[in-house]
1. Conditions first: (1) under 22 Å from the mean Cα position of the chain (by Cα); (2) outside any strand (DSSP E or B). PRO168 passes all but one, so which condition is the exception?
2. Give all pairs with beta carbons closer than 9 Å in which a residue from segment 320-340 that is within 14 Å of TYR266 (Cβ to Cβ) and free of Cβ contacts under 8 Å to residues at least 40 places away in the same chain meets a residue that is among the acidic types (Asp, Glu) and assigned to a helix (DSSP H, G or I); count only pairs at least 6 apart in sequence or on separate chains.
3. If you scan segment 19-37, which residues turn out to be assigned to a helix (DSSP H, G or I) and more than 20 Å from ILE57 (Cβ to Cβ)?
4. Anything in segment 272-319 that is within 12 Å of ILE122 (Cβ to Cβ), assigned to a helix (DSSP H, G or I) and more than 14 Å from the chain's Cα centre (by Cα)? List them, or say none.
5. Residue check, PRO262 against (1) surrounded by fewer than 23 Cβ atoms within 10 Å (Cβ to Cβ); (2) free of Cβ contacts under 8 Å to residues at least 60 places away in the same chain, all met but one. Which one?
6. Inside segment 118-165, can you point out the residues that are assigned to a loop (DSSP other than H, G, I, E, B), crowded, with 16+ Cβ neighbours inside 10 Å and among the charged types (D, E, K, R)?
7. Return only the number of the condition from (1) closer than 24 Å to GLY126 by Cβ; (2) surrounded by 15 or more Cβ atoms within 10 Å (Cβ to Cβ) that PHE200 does not satisfy.
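The values are calculated or read from the model by the stated rules, or taken from the named source; none is laboratory data. Keep in mind the model is a prediction, meaning the values are calculated, not measured. Heads up, the Cβs are rebuilt from the backbone with ideal geometry, glycines too, and the neighbour counts pull from every protein chain shown.
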Amino acid sequence: MPLKIIIVGAGIAGLASAAMLRAGADVTILESGDANHVAGGQGLGFGPNAVKIVEKIGYDSQRVRAVKSKGLKADELHRLAVQDGPGRTPVLRYKTKVTDIDPDTGVVTLQNGETIQGDVIIVAAGIHTKIKENIVVSSEYATTPTGQSIFRFLVSSENARKASGHLPDWWNPEAGDYLSITRLDDGTNRAIITYPGRDFQYVNFSCAFPNEYLSQRATESWFANGDINDVLDIFKDFPTSYREFMKYAEEVKVWELQDHDPLPNYVSGRAVLIGDAAHAMAPFQGQGAGQAIEDAEGLRLLLEPGVTPSDVPRILQQWESVRRSRASQVQLNTRVASEKLDEVNSFQRI
């Protein structure tokens, strides 16, 4: 019989895990939000470590019109996880809030009182999930603000042409000199980072800044709407050409960046933390999504021939012995990088 795997959360880590494990397991995904909350609209940037993994599970760069700075949209992970593919199609339940888990028995309790029995519980519910406390029994690892916030939004190539009459060479693939990533900074820990997506039809803008530049503190939610006028005000002394593009921003979001200290464990019994629930980090190395993908890929150990429910705790400990040290180091490196956004310091050895 295939293992029964319950995944809490349908973000990057949860969907990637479902895509990895569906070939040999019976997978159920429990998501507290709705379908719009899951799909998302902006791009995900992947480094080579993550690209090699997602290509193994059917990621099609032509289908998602990715550019050479590899990335995809969250809805592509959704396709790989729950649409037609190898093995059994996972069950994805929206508006299903998990309130408790028992790592020893594999029982998940929902807000409506329903209980679900699994052989494995994968907690991929994000940085603020309360059920993390069922695995890491300590209050020392609460999330804390990094002191910075970030705006993210899209600008279409069509609107960029309206703004300047043409696409700049760094954006235009036909010019031959386009840049997969650009970054502007001025030593104040403000930075504008751009990268193209959807076959250069859009450019993603990430605008980081110290919290004190906002008159009202941003929330922690990735889905909070932002005001482009705030962006233009905070970056009013940055190059005019970029500011003209930014006036055409779509899907403006703003949130406060938070992280937590490296955790002492990711695993307890049959339960495992992955993604931001395990190793939340700011986006200054572009490794948040990549580390979530690595987490998911490592869980393929659960699909080894002959694995039974009694083997699960041992296999999860084996997974943690590799993943925790690596992801924790990336967390710490990212903290250093977040303090070195200016051009000179950003190239120092971490």
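1. Of everything listed in (1) under 22 Å from the mean Cα position of the chain (by Cα); (2) outside any strand (DSSP E or B), PRO168 misses just condition (1).
2. As it stands, the answer is ARG326/GLU294, since those pairs meet every condition given.
3. ALA35, ASN36, HIS37
4. Scanning segment 272-319 gives GLY298, LEU299, LEU302, VAL312, LEU316, TRP319.
5. PRO262 satisfies every listed condition except (2).
6. Of everything in segment 118-165, just one residue is assigned to a loop (DSSP other than H, G, I, E, B), crowded, with 16+ Cβ neighbours inside 10 Å and among the charged types (D, E, K, R), namely ASP119.
7. Every listed condition holds for PHE200 apart from (1).
A quick yes/no check of all residues on (1) charged (D, E, K, R); (2) part of a loop (DSSP other than H, G, I, E, B); (3) outside the structural domain of ALA249 (by TED's automatic domain parsing):
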residue: ILE193; (1), (2), (3): no, no, no
residue: PHE200; (1), (2), (3): no, yes, no
residue: ASN204; (1), (2), (3): no, no, no
residue: CYS207; (1), (2), (3): no, no, no
residue: THR219; (1), (2), (3): no, yes, no
residue: ASN229; (1), (2), (3): no, no, no
residue: ASP233; (1), (2), (3): yes, no, no
residue: ASP237; (1), (2), (3): yes, yes, no
